[in-house]
Amino acid sequence: MSSNLRYALIGCGRISPNHIAAAKTNHLEIAALCDIDANAMADKAEKFDLQHVQQFSDYREMLETIKPELVAICTESGKHAAIALDCIRAGCHVIIEKPIALSLEDVDAIISLAKEKQVKVCACHQNRFNKSIQKIREAKDDHRFGRMYHGAAHIRWNRGKQYYDAAPWRGTWEQDGGALMNQCIHNIDLLRWMMGNEVIEVTAYTDRLNHDYIQAEDLGLALVRFQNGAYGLIEGTTNIFPKNLEETLYLFGENGTVKAGGHSVNIIEEWLFADGLDDPDQVKETYHENPPNVYGFGHTPLYADVLNAIVHDRDPYVTAEDGRRALELVLAIYKSAAEGRPVRLPLDNCSTMDFAGRFDS
């Protein structure tokens, strides 16, 4: 199978340019664009010289007509699961923007059907492909940290009324969730992945302090207990004045301390290891990227990996199960905050809709 697979994009909103650019760079045959907003499609077609590409307002019609081999799903979060299931039924491999779904029941259905249909599903946590994160993961896999003590994910961002007005689904329980599910899930994913994946318990607070026009939280604070004895801290907010401040990941181990920061953890700011195997200044200089926005440069290598996974019939680097873990941790935070108690993992089925009305008073 050559890399020029027949590719279609469903959803031509804010994140779609990163997907189109990644598809083009990886020499995919872009066969269709799909969106209920014809203007959004026309805009992307013009920007990326895709006027020759077929455009559809109905993704089911697109699946039937084009029969794509790989589909990227970039719609509002609440529609990810239903569209993914239809794509998988049609035999397509899928890349699903974060979060992979808004309920554990839905993501389990995606995982199960993908196995049955023998297609690849990638959860689009592109920051795992940052040069900085890849370097940190290498140190983790080489056991350079020794025993992990604790880690922290800080997402200190700003989102105002204009952002929410531009897409009314944002901040709703049915189609999105709040700051943790939308803005913070990438760093939450990284924290869980780096600290050992298996979580025992979560204790959390969430609140809506500054966005009375949305349904969900604009602040989340959580303490996470991992099975390996390590701890995690999560601080996520969209209340920072007057603009995005930072997205930062700290990892503290017996023999190593690392801090990654910048727009979207693209910069290694601290690199200290007892083994002295590398020069910290050189590492900081070599693994430094300065992306133009918080989406970073990760989509292109993520697409390359998915294509390689299809060709060689292996799991993608970021699997649907990885997407499930990130979703489960956010839902556990929501549940702990709503119920005012620590919550044990694994979670049985849980959905953003379980918290509808949480901040109404």
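The values are calculated or read from the model by the stated rules, or taken from the named source; none is laboratory data. Because the structure is a prediction, the values reported are computed rather than measured. When we count neighbours, we look across all protein chains shown, and the Cβ atoms used for this are built from the backbone with ideal geometry, even at glycine.
Among the candidates P301, P316, the residue that is in contact with a Leu (Cβ under 9 Å, 6 or more places away or on another chain), closer than 30 Å to L28 by Cβ and buried (at least 18 other Cβ atoms within 10 Å of the Cβ) is uniquely P316. Summed over segment 99-120, residues that are of a type in the set (S, T, N, Q) and in contact with a strand residue (DSSP E or B) (Cβ under 7 Å, 6 or more places away or on another chain) total 1. None of L277, L221, L245, L209 is under 30 Å from E321 (Cβ atoms), of a type in the set (A, V, I, L, M) and in the same structural domain as W173 (by TED's automatic domain parsing) except L221.
The criterion of at least 3 residues that are within 30 Å of N290 (Cβ to Cβ) is met by the following helices (runs of 4 or more DSSP H) wholly inside segment 71-151: 131-141. Just to be sure I understand, how many residues within segment 111-132 are more than 11 Å from the chain's Cα centre (by Cα), among the aliphatic types (A, V, I, L, M) and under 19 Å from I185 (Cα atoms)? Residues meeting the conditions: 1. For segment 38-50, check the following and say yes or no: at least one residue is part of a loop (DSSP other than H, G, I, E, B) and polar (S, T, N, Q). Looking through segment 38-50, none of the residues is part of a loop (DSSP other than H, G, I, E, B) and polar (S, T, N, Q). Among the residues of segment 6-25, those that are surrounded by fewer than 21 Cβ atoms within 10 Å (Cβ to Cβ) and part of a loop (DSSP other than H, G, I, E, B) comprise G13, R14, I15. Considering (1) in a helix (DSSP H, G or I); (2) among the charged types (D, E, K, R); (3) at pLDDT below 95, the lone condition that D360 does not fulfil carries the number (1).
Restricting to segment 114-132, name every residue that is in contact with a helix residue (DSSP H, G or I) (Cβ under 6 Å, 6 or more places away or on another chain), crowded, with 18+ Cβ neighbours inside 10 Å and of a type outside the set (G, A, S). Hits for segment 114-132 are V119, K120, V121, C122, H125, Q126, N127, F129. Looking at E321, is it surrounded by fewer than 22 Cβ atoms within 10 Å (Cβ to Cβ), acidic (D, E) and either free of Cβ contacts under 8 Å to residues at least 40 places away in the same chain or not in a loop (DSSP other than H, G, I, E, B) (or both)? Yes: the conditions hold for E321. Among the residues of segment 333-352, those identified as in a helix (DSSP H, G or I) and either of a type in the set (S, T, Y) or surrounded by 13 or more Cβ atoms within 10 Å (Cβ to Cβ) (or both) are I333, Y334, K335, S336, A337, A338, T352. For segment 228-239, residues that are β-branched (V, I, T), out of contact with any Phe, Trp or Tyr (no Cβ under 6 Å at 6 or more places or on another chain) and closer than 13 Å to D218 by Cβ total 1. In segment 27-50, the residue that is nearest to G13 (Cα to Cα) out of those that are touching a strand residue (DSSP E or B) at 6+ places or on another chain (Cβ under 6 Å) and not aliphatic (A, V, I, L, M) is C34. Looking across L180, L209, one residue alone is aliphatic (A, V, I, L, M) and more than 19 Å from L104 (Cα to Cα). It is L209. Just checking, does segment 180-199 include any residue being in contact with a Pro (Cβ under 9 Å, 6 or more places away or on another chain), buried (at least 20 other Cβ atoms within 10 Å of the Cβ) and in a loop (DSSP other than H, G, I, E, B)? No, segment 180-199 has no match at all. Among the residues of segment 69-82, is there at least one that is under 24 Å from M41 (Cα atoms) and either more than 19 Å from the chain's Cα centre (by Cα) or modelled with pLDDT under 95 (or both)? Looking for residues that are under 24 Å from M41 (Cα atoms) and either more than 19 Å from the chain's Cα centre (by Cα) or modelled with pLDDT under 95 (or both), one finds at least one in segment 69-82, hence yes.
Results for (1) under 21 Å from the mean Cα position of the chain (by Cα); (2) in a strand (DSSP E or B); (3) surrounded by 14 or more Cβ atoms within 10 Å (Cβ to Cβ); (4) not small (G, A, S), shown as yes or no for each residue.
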{"position": "R225", "(1), (2), (3), (4)": "no, yes, yes, yes"}
{"position": "I234", "(1), (2), (3), (4)": "yes, yes, yes, yes"}
{"position": "S264", "(1), (2), (3), (4)": "yes, no, yes, no"}
{"position": "D281", "(1), (2), (3), (4)": "no, no, no, yes"}
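Within segment 159-168, the only residue that satisfies the criterion of being surrounded by 15 or more Cβ atoms within 10 Å (Cβ to Cβ) and either polar (S, T, N, Q) or not in a helix (DSSP H, G or I) (or both) is R159.
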